[in-house]
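Derivation of every value follows stated rules applied to the coordinates shown; laboratory data play no part. All of these numbers come straight from a predicted model, not from anything done at the bench. Note that each Cβ is placed from the backbone with ideal geometry, even for glycine, and that neighbours are counted across all protein chains shown.
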Amino acid sequence: MELELDKLLRIKTSGRDDSNSDLTNFPYEPTPYSVLELLANSGYLSKNDVVIDYGSGKGRVDFYLAYYLKCHMIGVEYDNRLFQRAISNLKDAKSKSRVEFVLKNASEYEIPNNAKALYFFNPFNISVLIDVINNLKESIKKNKRNVLLIFYYPSKKYLEYLNSEKDIKHIDDLDCKELFNNDSREVISIYKI
């Protein structure tokens with residue numbers, strides 16, 4: 001299914017890449033399409049949303065959600081090599097008019113005031129996540145709105161932080177365990193700030 005959907009979307013996003021990972025930035029691993037399908041069908045995201053994908057890598061999340069939901073996607077990636085792969089995918093992708101990529105460290109990225117959701121698949125350590133959330137709070141001060149925080153396969157540290165923040169509320173868990181041998185971390189956790 002992974003290669004078939006890559007072919008349908010006219011992109012190449014398969015394969016793990018940990019060549020530039022370290023204690024701050026974690027390896028590239030594409031979100032499985034079955035998980036993206038579950039998210040797309042959840043009703044949490046819609047055509048009019050601007051969604052930011054942190055640690056976008058080769059752009060799978062961006063191209064899939066832009067194609068199936070028709071939402072506007074912004075992929076934020078720090079690794080120039082992965083960013084160039086996403087740009088290469090952008091040339092022929094079916095949903096290219098609704099996707100853009102930014103080469104920037106997540107901590108330094110200024111969140112647009114119209115962003116409605118942020119997506120994470122454990123792209124970086126907790127200190128970077130805290131920086132991103134603080135940047136989001138600044139964006140919300142400029143344009144009051146609710147923003148969804150979507151975490152696939154969330155780390156324990158992420159969850160501890162999210163659940164300790166008074167401004168952040170857990171609203172749902174989309175169960176993915178049946179897709180992957182009943183691993184208890186196979187979940188999409190959705191929060192609202």
- Message: Report the gain in length on full extension from Asn146 to Ser34: 0.36 nm times residue separation, minus Cα-Cα distance, nm rounded to one decimal.
- Response: 37.6 nm
- Message: Only bridges whose two residues both fall in the stretch 1-157 count here: according to DSSP, what percent of them are antiparallel, nearest 5?
- Response: 10
- Query: Under a Cβ-Cβ cut-off of 9 Å, what is the net charge of the residues other than Ser56 that fall near it, where Lys and Arg count +1 and Asp and Glu count -1?
  - Reply: -1
- Amide H to amide H under 5 Å from Asp172: which residues, 5+ apart in sequence or cross-chain, H placed 1.01 Å off N in plane? Ile190
- Task: Calculate the spin-label point distance for Glu100 paired with Lys70, positioning each point 7 Å from the Cα along the beta-carbon direction, and give it in nanometres.
- Result: 2.1
- Query: How many angstrom lie between the C-alpha centres of the stretch 39-65 and the stretch 106-179?
  - Reply: 14
- Listed highest first by mean packing, meaning other Cβ atoms within 10 Å per residue, what order do 82-94, 170-182, 113-125 come in? 113-125, 82-94, 170-182
- What nm value, rounded to one decimal, do you get for the distance between Asn134 and Asp175 when each label is placed 7 Å out toward the C-beta? 3.8
- When only Cα pairs under 8 Å and 6 or more residues apart are kept, what is the percent relative contact order across the chain? 18
- Could you check the simple spin-label distance between Lys7 and Asp167, using points 7 Å along Cα→Cβ, in nm with one decimal? 4.7
- Query: What net charge do the residues around Ile130 carry, taking every other residue with its C-beta under 11 Å from that of Ile130, with Lys and Arg at +1 and Asp and Glu at -1?
  - Reply: 0
- Query: Which ordering of Ile130, Ile190, Ile150 is given by a fewest-first count of other beta-carbon atoms within 10 Å?
  - Reply: Ile130, Ile190, Ile150
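Around Tyr191, with a cut-off of 14 angstrom between Cβ atoms, what is the net charge of the other residues, counting Lys and Arg +1 and Asp and Glu -1? List each step's numbers first, then the result.
Values: positive: Lys116, Lys137, Lys166, Lys169, Lys192; negative: Glu160, Glu165, Asp167, Asp172, Asp173.
Here the charged neighbours net out to 0.
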- Query: If the chain between Ile126 and Asp183 were fully stretched, how many nm would it gain, using 0.36 nm times the residue separation less the Cα-Cα distance?
  - Reply: 18.3 nm
